[in-house]
Amino acid sequence: MNSRWRTRIFFAAAIGFAWIYFLGVKNLPPWGDYRGIYGQMISAVSVHERHATDAVNAIDYDYRGFDTLGEEFILFASVLGAMLLLRRPERPETTTPPEKGLSDAVKVSAAVAFSVLVIFGIYISTHGQLTPGGGFQGGVILASASMLIYIAENFSVFKRITSHPAVEVLEALGAGFYAVIGLVPLVLAEPFLTNWLPLGTTGNVFSSGTIAAISASVGIEVTAGFLLLGYTYLEDIIAKTGEEQNE
């Protein structure tokens, strides 16, 4: 197929997608006119019923907590699958490019940025029941902070932090703790994932019962999962680079 026919097919497909997009957009409500009955209902009852001022987390970790449990274990299984696929039974010593790291000024700046990201990530993970955020968002922020170590230092320093077995244990505990929180109500003759912890005072960081606890456990699992994923990919790339140089 020559370029002329590829161009014609592209424009024909683009026109079709544009028409479908127009049909989908033309009946949208006016800007600011929210018609979500479910959202309005949750916003009206979440503060009273769950003492959570962020309705999104009330939905994710309580009203539809079973769905989020599945999403968390999808992430857990994805990280585990990537580690299994990229693992190497034996990793012989290979010659890799020298790792000198960047300048001292960059290292100091990275250390400051690392501290800010860690504090911000913990805040987002532990305040999801009060403000936009939660365990998923905070976990990604915390895991991304570690990449500053790799950028400013080298892979050896990054490896000493992220390849520790404790990170794997934390990922498993974060995922498992979510399930345990959901199983406790069954012992109390209540439905799975019933909010059984004290709801506390609305607006307090320890409010919302199991919502805050689940959000924190998700933050641990997501942080550890992305740390392991980043380490696995970087190790595979560096190992392949060393093998190519030795050939």
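The table that follows gives values for the structure above.
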| quantity | calculated |
| --- | --- |
| The stretch 38-55, subset part of a helix (DSSP H, G or I), among the small types (Gly, Ala, Ser) and in contact with a helix residue (DSSP H, G or I) (Cβ under 7 Å, 6 or more places away or on another chain), residue surrounded by the most Cβ atoms within 10 Å (Cβ to Cβ) | 46 |
| Verdict on residue 61 being among the aromatic types (Phe, Trp, Tyr) and closer than 30 Å to residue 230 by Cβ | yes |
| Counted residues, the stretch 101-115 - those being surrounded by 13 or more Cβ atoms within 10 Å (Cβ to Cβ), small (Gly, Ala, Ser) and not in a helix (DSSP H, G or I) | 1 |
| Residue within the stretch 63-71 that is surrounded by fewer than 18 Cβ atoms within 10 Å (Cβ to Cβ), at pLDDT below 95 and under 30 Å from residue 160 (Cα atoms) present | yes |
| Sole residue being assigned to a helix (DSSP H, G or I) and modelled with pLDDT of 90 or more, chosen from 221, 235, 244 | 221 |
| Subset tally (residues that are β-branched (Val, Ile, Thr), within 14 Å of residue 219 (Cα to Cα) and crowded, with 19+ Cβ neighbours inside 10 Å) for the stretch 129-154 | 1 |
| Breaking point among (1) surrounded by 13 or more Cβ atoms within 10 Å (Cβ to Cβ); (2) modelled with pLDDT of 85 or more; (3) in a helix (DSSP H, G or I); (4) not polar (S, T, N, Q), for residue 13 | (1) |
| Near pairs, Cβ below 7 angstrom, 6+ apart or cross-chain, from the stretch 15-29 (without any contact (Cβ under 8 Å) to a residue 40 or more places away in the chain) to any residue that is part of a loop (DSSP other than H, G, I, E, B) and loosely packed, with under 10 Cβ neighbours inside 10 Å | 29/35 |
| Yes/no for residue 185 being free of Cβ contacts under 8 Å to residues at least 24 places away in the same chain and farther than 30 Å from residue 87 by Cα | yes |
| Looking only at the stretch 18-37, and only at residues there that are exposed (fewer than 10 other Cβ atoms within 10 Å of the Cβ) and among the aromatic types (Phe, Trp, Tyr), the one that is farthest from the chain's Cα centre (by Cα) | 22 |
| Some residue of the stretch 195-211 being assigned to a helix (DSSP H, G or I), within 26 Å of residue 71 (Cβ to Cβ), aliphatic (A, V, I, L, M) and modelled with pLDDT of 95 or more | yes |
| Test: residue in the stretch 194-202 that is in contact with a helix residue (DSSP H, G or I) (Cβ under 9 Å, 6 or more places away or on another chain), crowded, with 21+ Cβ neighbours inside 10 Å and of a type outside the set (Ser, Thr, Tyr) | yes |
| The stretch 152-175: number of residues that are of a type outside the set (Asp, Glu), at pLDDT 90 or above and either at positive phi or touching an Asp or Glu at 6+ places or on another chain (Cβ under 9 Å) (or both) | 5 |
| Where a residue in the stretch 144-164 is among the aromatic types (Phe, Trp, Tyr) and its partner, wherever it lies, is surrounded by fewer than 21 Cβ atoms within 10 Å (Cβ to Cβ) and not in a helix (DSSP H, G or I), with Cβ under 9 Å and at least six apart | 155/96; 155/99 |
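The values are calculated or read from the model by the stated rules, or taken from the named source; none is laboratory data. Computed from a predicted model, the values in this text were never measured in an experiment. Heads up, the Cβs are rebuilt from the backbone with ideal geometry, glycines too, and the neighbour counts pull from every protein chain shown.
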